[in-house]
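Data first, discussion second: the structure below is written as structure tokens.
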Amino acid sequence: MKILTFDIGGTEIKYALCDENFNLTEKNSIPTNAHEGGPKIIERVIEIIKSFSGIDRIGISTAGQVDSVKGEIVYATDTIPGYTGVKIKELVEKQTGIPTAVENDVNSAAVGEAVFGAAKGYQNFICLTYGTGIGGAIYLDGKLFTGNSFSAGEFGHIVTHKGGKDCTCGGNGCYEAYASTSALANAVKEKLHKDLNGREIFESFSNPEIRLIIDEWIDEIVTGLKGLIYIFNPALIVAGGGIMNEEYITQEINKRLQNELMASFRKVKVVKALMGNDANKLGAAYLASQL
């Protein structure tokens, strides 16, 4: 089976060919040009598909909340204008005649990690990505749990600080306003008046002031995770996002959870995602292979 798999983000549309052994080749990307709107993005995806021959399935991982049965966008922020309501599966299949699977990006990453990566062999785990915001996915009894309206796993918007900082969702006190990579960078900027990204912050780890801010930020991560652990009782938590390549973070999270959780919940492990930038594409490809 020859699968063409996509990862549609706010900045780039990444794509690759995937064979029956789930080896990715011919990896490429083009700018999303998100300002042009959702329908235009799908037009470009269709153009890419038509430039290939002999494709058996299409897998699409995308930003936004996705009805994976109908293959359409339930809701998307203004990062991609006019994306809400776009019927991706219908448009692609009508134009190409190729069976197509469409799934949310974090859900796709969770499938990639479940089948090929850090969560291989686990039936119950949750996945969080720490970046500009915090995305989430839930894997229960060996399959994705997407909720009543395909929107489960919005972990970034659980409230950890009632009446706290404003959030992009329109609420305040949300987890991602305190525990995302952006929140870490904002804390450094507010307290030390330094404009640093995540990598630069950890390059300054020996600075006691920076170290204190990092440790306070890890406390915020742990606060959110404790609530999720008590709700889902997962065997594993997969933490994604470039910042999680810093081993100190997952080491400290695990240590603090062991000290703070009830004894019956302490078997949970927090590990970094293993599949990197390929997780979404592999997850989407696997879902397409199951059509």
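In the stretch 110-119, is there at least one residue being among the charged types (D, E, K, R) and over 23 Å from Val222 (Cα atoms)? No, that holds for no residue.
If only residues of the stretch 47-77 that are closer than 22 Å to Thr11 by Cβ and among the hydroxyl-bearing types (Ser, Thr, Tyr) are counted, the one that is surrounded by the fewest Cβ atoms within 10 Å (Cβ to Cβ) is Ser51. Take the conditions (1) surrounded by fewer than 16 Cβ atoms within 10 Å (Cβ to Cβ); (2) without any contact (Cβ under 8 Å) to a residue 40 or more places away in the chain; (3) not polar (S, T, N, Q); Lys87 misses just one of them, which is (1). Number of residues in the stretch 82-117 that are among the acidic types (Asp, Glu) and within 19 Å of the chain's Cα centre (by Cα): the value is 3. Residues that are of a type outside the set (A, V, I, L, M, F, W, C), out of contact with any Lys or Arg (no Cβ under 8 Å at 6 or more places or on another chain) and modelled with pLDDT under 95 do not occur anywhere in the stretch 225-232. Scanning the stretch 32-81 for residues that are at negative phi and either of a type in the set (D, E, K, R) or under 18 Å from the mean Cα position of the chain (by Cα) (or both) yields a total of 28. Restricting attention to the stretch 110-157, the residues being closer than 21 Å to Thr168 by Cβ, buried (at least 24 other Cβ atoms within 10 Å of the Cβ) and of a type in the set (A, V, I, L, M) number 3. Scanning the stretch 266-291 for residues that are surrounded by fewer than 17 Cβ atoms within 10 Å (Cβ to Cβ), in contact (Cβ under 8 Å) with a residue 60 or more places away in the chain and assigned to a loop (DSSP other than H, G, I, E, B) turns up Leu274, Gln290, Leu291.
The values are calculated or read from the model by the stated rules, or taken from the named source; none is laboratory data. All values derive from a computational prediction rather than experimental measurement. Note that each Cβ is placed from the backbone with ideal geometry, even for glycine, and that neighbours are counted across all protein chains shown.
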